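The values are calculated or read from the model by the stated rules, or taken from the named source; none is laboratory data. Quick caveat: nothing in here was measured; it's all calculated off a predicted structure. Positions of Cβ are generated from backbone atoms using ideal geometry, with glycine treated the same way; all protein chains shown enter the neighbour counts.
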Amino acid sequence: MQTSSRKVLIVLAGLILAGFVVYQSFGFIHKANFSGEKLLHAVAGAKVSLLLLSVVVIYVCYAFRALRWQLFQGNLGSSRFWIIYKMTLAGFAAIFILGRPGEPVRPLLLSRKEKLPFADMFGIYALERIFDFASTAVIAALALFFVKSNGGAGDTMTALGAAAKTAAVMLFAGVAGAVMFLVYLRLHGTAALERRLQGWRETHGWRRSLGGILLGFVRGVQAIRNTGELLLAVLYSGVHWFLVLLVYYWGSRSFGGRLGMLSLGEVMLVMAFSLVGSVAQLPAVGGGAQLASALVFTKIFGVETEPATAAAIVIWLIGFAACCFAGVPLLIQEGLSLGKLRELAQEKDREGEAARQGDPAS
């Protein structure tokens, strides 16, 4: 009976997920002045084989992301690939469902499953973000280079290129600052920080809690111990993002026409703007990535509005929503409802607020 109930829950979750995806897509379609009928007509002509291949590849992308996390986590304690891979899918499903508030769910799940401190897991998460931001900056720079070398010009390209350059410079500056921080930690280690926080750790209340969080965070970001591990992490990142690029490439080519003629370098530009758009989601619509992709398709490469919009939505569904088909059942398997997900996402925010206000018992 328990197994049957779990299956029913999984089916219901799938239906709810499908409805949520339709809702998200409808919001974007409305913004783009694009009817659902035209969307279905455009999608009907796409090559299903390329789309299915893209879905398979996106799951391989999550596997390489899990391998990179396993590399970082291996220097802190238990590090099992299959557990990390499953929690990665579940965590990204939580992000899709909850948006940015779902970001802490993945390190929280891994902390619970691997019995490691959350602060250490969040340190690994911060290190992962640094690698992703660096990769995005490199992708933007390479995309602009490839497009310009192939004669991509015009007023729109010039304006968007200037914006992309500004974003890339800001990303590089942020990454450079983060790298300097990591170098400082590598040279001085946790010993200096432990000495500074020794007084805090011997007290009670919010200072002791905050000191433990800071030390755990530092241990997490120090997960790379030598040059070999650094190079392996860079390799995992490179393979991961190249596979994501293939998803964009095959997703575009599946629609044929002008989209089927785009080169890998041109699709890389679409991917770069989509990554920036995914960071700046539109309120109640979640269409930042789709709108950015459609903008590049239409304004730079001259694709008609209907196929450009359809391609943008389908690529977004594969890249951002496909993980839910495995991730949502995994969340249910972990006994996590939507309310529990929100509770997990807000748990550390409440702790941080308590730390700022001080412990009443202290």
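Table: residues versus (1) of a type in the set (Phe, Trp, Tyr); (2) modelled with pLDDT under 85; (3) crowded, with 19+ Cβ neighbours inside 10 Å; (4) touching a helix residue (DSSP H, G or I) at 6+ places or on another chain (Cβ under 8 Å).
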{"site": "VAL244", "(1), (2), (3), (4)": "no, no, yes, yes"}
{"site": "SER254", "(1), (2), (3), (4)": "no, no, yes, yes"}
{"site": "LEU259", "(1), (2), (3), (4)": "no, no, yes, yes"}
{"site": "LEU262", "(1), (2), (3), (4)": "no, no, yes, yes"}
{"site": "ALA289", "(1), (2), (3), (4)": "no, yes, yes, yes"}
{"site": "PHE297", "(1), (2), (3), (4)": "yes, no, yes, yes"}
{"site": "ALA308", "(1), (2), (3), (4)": "no, no, yes, yes"}
{"site": "ALA311", "(1), (2), (3), (4)": "no, no, yes, yes"}
{"site": "PHE320", "(1), (2), (3), (4)": "yes, no, yes, yes"}
Q: Please identify the pairs in which a residue from region 125-147 that is within 13 Å of GLY238 (Cα to Cα) has its Cβ atom under 6 Å from the Cβ atom of a residue that is part of a helix (DSSP H, G or I) and modelled with pLDDT of 80 or more, counting only partners at least 6 apart or on another chain.
A: PHE131/SER237; SER135/SER237; SER135/TRP241; THR136/LEU275; ILE139/ALA272
Q | Output for region 38-93, where each listed residue is basic (Lys, Arg) and either at pLDDT below 90 or out of contact with any His (no Cβ under 8 Å at 6 or more places or on another chain) (or both) | A | LYS38, LYS47, ARG80, LYS86
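Condition (residue is under 25 Å from VAL138 (Cβ atoms) and at pLDDT below 70) applied to region 205-221: is it met by at least one residue? Break it down into steps so the answer makes sense when it comes.
Residues of region 205-221 under 25 Å from VAL138 (Cβ atoms): 220-221.
Retained after the next criterion (residues that are at pLDDT below 70): 220-221.
Within region 205-221, one or more residues are under 25 Å from VAL138 (Cβ atoms) and at pLDDT below 70.
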